[in-house]
There are 2 protein chains.
Amino acid sequence: MQDIKVAVDAVVFGYQQNTLYVLLIQQKFAGQKAYWALPGGLVKDDESLMDAVTRELKEETNVEVNYMEQLYTFGDDLHRDSRDRVISVAYFALIDSSKTNIKADTDADKVQWLPIKEVPQLAFDHNLILQTAIERLKSKLTYQPVGFDLLPKEFLFSDLENLYCTILEKEIDRRNFRKKILSFDIVEETDRFAEKKTGRPARLFRFNSKKYKTLEKEGFLFEIKFA
Amino acid sequence: MQDIKVAVDAVVFGYQQNTLYVLLIQQKFAGQKAYWALPGGLVKDDESLMDAVTRELKEETNVEVNYMEQLYTFGDDLHRDSRDRVISVAYFALIDSSKTNIKADTDADKVQWLPIKEVPQLAFDHNLILQTAIERLKSKLTYQPVGFDLLPKEFLFSDLENLYCTILEKEIDRRNFRKKILSFDIVEETDRFAEKKTGRPARLFRFNSKKYKTLEKEGFLFEIKFA
DNA sequence: TATCTTTATTGTATTATTTACACAAAGCTA
DNA sequence: TAGCTTTGTGTAAATAATACAATAAAGATA
């Protein structure tokens with residue numbers, strides 16, 4: 001008789017002002033050291049993996065994401081959870097964090113966005129899961145238009161550019177970047193402008209995901225590379 | 001108390017003479033219709049996922065692979081196995097099938113290589129798993145040098161070219177393909193030639209995986225694209 | 001109101017990469 | 001030795017990537 005438990009965990013990324021954030025929770029158990037951890041939990045017998053992670057996210061953080069995909073299943077370390085044999089199917093998710101109301105702290109739980117550069121030691125093997133997710137994000141940014149899922153519906157070109165610079169940790173030539181993105185014909189300008197304090201007003205742009213899906217079916221490949 | 005079983009399944013690809021094969025098994029159970037299936041089985045409480053799939057492969061098919069990576073975890077269809085709730089962590093593997101002695105058929109089991117174009121309806125959701133693996137193979141071929149794991153240590157350039165044509169289902173310009181591969185400097189010629197019946201003798205080549213790993217660390221990217 | 005500061009926007013020349021394309025070389029056979 | 005078969009090779013044209021700097025728009029300031 002097999003005795004292995006199945007959990008799901010979610011790495012939810014948010015982006016704001018040149019900083020990439022990850023969503024973490026802290027559950028308080030009497031007498032135990034409280035580690036920050038990825039949201040997640042055990043899968044119920046009658047729910048799909050995807051439903052399980054969606055439910056846990058909602059329960060623990062009140063967050064509903066823009067984009068989610070399976071990341072990797074962690075089950076090679078037999079003692080990744082010191083109590084039982086638990087394998088975790090980890091998910092990778094993106095959200096426009098500016099529009100999200102994360103759950104307020106309760107007596108039992110805390111929830112927060114933490115810059116990925118400031119993530120401390122997490123529970124279980126969650127640092128490894130996070131690291132895997134960061135690599136996935138970096139590589140996905142270059143071959144799928146997932147960056148838009150981290151931004152508001154209408155955004156500035158400079159925001160998009162900074163998002164790429166920040167996450168990929170590279171310098172980008174602004175002219176070439178803009179030329180490249182616009183050549184894909186999946187980002188369109190709106191007639192609105194950002195409210196800013198200083199400098200020339202910046203136009204707001206919008207990602208046309210319908211158009212992207214159409215082009216994708218026709219064989220179009222999104223791809224961003226840098227020198 | 002959770003009641004979900006954890007299985008592993010392996011999609012093992014082999015290649016020979018312009019044909020991509022997958023390794024399948026058939027287990028005979030009294031009174032049941034016998035479907036072909038991917039090799040795999042339940043994970044033991046004290047073994048890693050990777051160990052489990054390696055063990056099952058050895059036991060069921062006697063095969064040891066050149067390359068293996070986790071593919072995807074199938075657990076969204078609650079009835080993918082009609083008996084119990086089972087999630088399956090699927091693996092993707094490559095092998096030089098010419099050098100492999102697969103297990104001989106027994107009273108209980110059959111094992112065979114089947115061309116992917118001739119795969120019938122399989123057990124459980126194994127057709128879906130296979131399809132996912134084929135897509136992974138196609139995409140990996142273009143950005144990692146995994147094709148070599150399907151070929152003998154020493155191979156003809158025309159074999160490599162045909163492998164790409166066959167799997168990607170595309171035409172390739174021989175000169176440009178050769179130029180591209182050689183430009184990576186990870187394939188070296190040997191001083192040996194193939195024994196052939198007809199035509200100009202063809203030189204044998206070898207993939208230098210150490211060199212590839214070195215270059216990879218320095219930031220080199222393998223990439224093959226076609227018009 | 002002229003000037004300064006700040007950020008947004010745009011184009012071109014150079015270089016590198018990708019593509020298209022055809023004929024000679026080597027061995028075998030008749 | 002003529003013909004068949006498969007291997008092996010180079011160049012020109014087209015396309016894509018890169019490097020690079022001046023102008024536009026608005027508000028702040030003198």
(request) Tell me the label-point distance for the pair B:Lys217, A:Arg200, using the 7 Å Cα-to-Cβ offset, in nm and rounded to one decimal. (result) 4.7 nm
(request) Consider all pairwise Cα distances in the protein assembly as shown and report the whole-number % of them above 39 Å. (result) 32 percent
(message) If you scale each eigenvalue of the Cα gyration tensor by 5 and take the root, what three semi-axes come out for segment A:50-96, rounded to whole angstrom and sorted largest first?
(response) 24, 13, 8
(message) Taking the Cα centroid of segment B:162-218 and of segment B:1-79, what is the distance between the two, rounded to the nearest whole Å?
(response) 31 Å
(request) Please work out how much accessible surface B:Asp84 shows to a 1.4 Å probe, ignoring ligands, DNA and RNA, in Å² rounded to 10. (result) 70 Å²
(message) As a check on your reading of the symmetry: which chain A residue has its Cβ nearest the axis that brings A onto B, and how far is it in Å?
(response) A:Thr73, 2
(message) Using a 1.4 Å probe on the protein heavy atoms only, what accessible surface does B:Lys33 show? Give it in Å² to the nearest 10.
(response) 150 Å²
(message) List the GluC sites (Glu not before Pro) within segment A:141-193 that DSSP assigns to loop and that have no more than 16 neighbouring Cβ atoms inside 10 Å.
(response) A:Glu169, A:Glu171
(request) Could you state the angle between the C-alpha long axis of helix B:126-143 and the longest principal axis of the C-alpha atoms of chain B, as a value from 0 to 90 degrees rounded to the nearest 10? (result) 20 degrees
(request) Kindly give the distances from A:Tyr35 to its copy-mates, label point to label point, with each label point 7 Å from Cα along Cα→Cβ, as nm values to one decimal ordered shortest first. (result) 3.9
(message) Run lengths n ≥ 4 of DSSP H only: what is the helix-derived mean residue ellipticity at 222 nm for the protein assembly as shown, with -39500 (n - 2.57) per run over all residues, to the nearest 500?
(response) -8500 deg cm²/dmol
(request) Pull up all non-local amide H partners of A:Val22: gap of 5 or more, or a different chain, and H-to-H distance under 5 Å with H placed in the peptide plane. (result) A:Gly14, A:Leu114, A:Ile116
(message) Relative contact order of segment B:47-169, please, whole-number percent, based on alpha carbon pairs below 8 angstrom and at least 6 residues apart.
(response) 24 percent
(message) Taking beta carbons within 10 Å but only from partner chains, what does the mean come to for residues B:79-86?
(response) 1
(message) Just to be sure I understand: of the beta bridges DSSP finds with both ends in chain B, what percent are antiparallel, rounded to 5?
(response) 75 percent
(message) Which three numbers, in whole Å and largest first, are the semi-axes of the equivalent ellipsoid of chain A derived from its Cα gyration tensor as √(5λ)?
(response) 35, 20, 16
(request) Using θ = phi - 60° and the Karplus relation 6.51 cos²θ - 1.76 cosθ + 1.60, list the HN-Hα couplings for segment A:30-46 in order, rounded to whole Hz, with x at every Gly or Pro. (result) 3, x, 10, 5, 8, 9, 6, 8, 6, x, x, x, 6, 7, 7, 4, 10
(request) Could you tell me which of rounded, prolate or oblate describes segment A:83-215, using a ≥ b ≥ c as the square roots of the eigenvalues of the alpha-carbon gyration tensor, with rounded for a/c under 1.5 and, failing that, prolate when a/b is larger than b/c and oblate otherwise? (result) prolate
(message) Angle check, please: helix A:174-184 long axis (alpha carbons) against the longest principal axis of chain A (alpha carbons), in degrees 0 to 90, nearest 10.
(response) 80 degrees
(message) Give me the extension gain from A:Asp84 to A:Glu171: residue separation times 0.36 nm, minus the current Cα-Cα distance, reported in nm with one decimal.
(response) 26.8 nm
(request) Please give, to one decimal in nm, the separation of the simple spin-label points placed at A:Leu114 and A:Asp46, each 7 Å out from Cα toward the Cβ. (result) 3.7 nm
(request) Would you mind telling me which residue in B:Leu151, B:Leu49, B:Leu130 has the biggest mean-square fluctuation in a Gaussian network model of chain B, where springs connect alpha carbons within a distance under 10 angstrom? (result) B:Leu49
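The values are calculated or read from the model by the stated rules, or taken from the named source; none is laboratory data. Values in this document were obtained by computation on a predicted structure and should not be read as measured data. A quick note on method: Cβ atoms are made from the backbone with ideal geometry, for glycine too, and the neighbour counts reach across all protein chains shown. Ligands, DNA and RNA are excluded from the accessible area calculation, which covers all protein heavy atoms including side chains. Shrake-Rupley method; radii C 1.70, N 1.55, O 1.52, S 1.80 Å.
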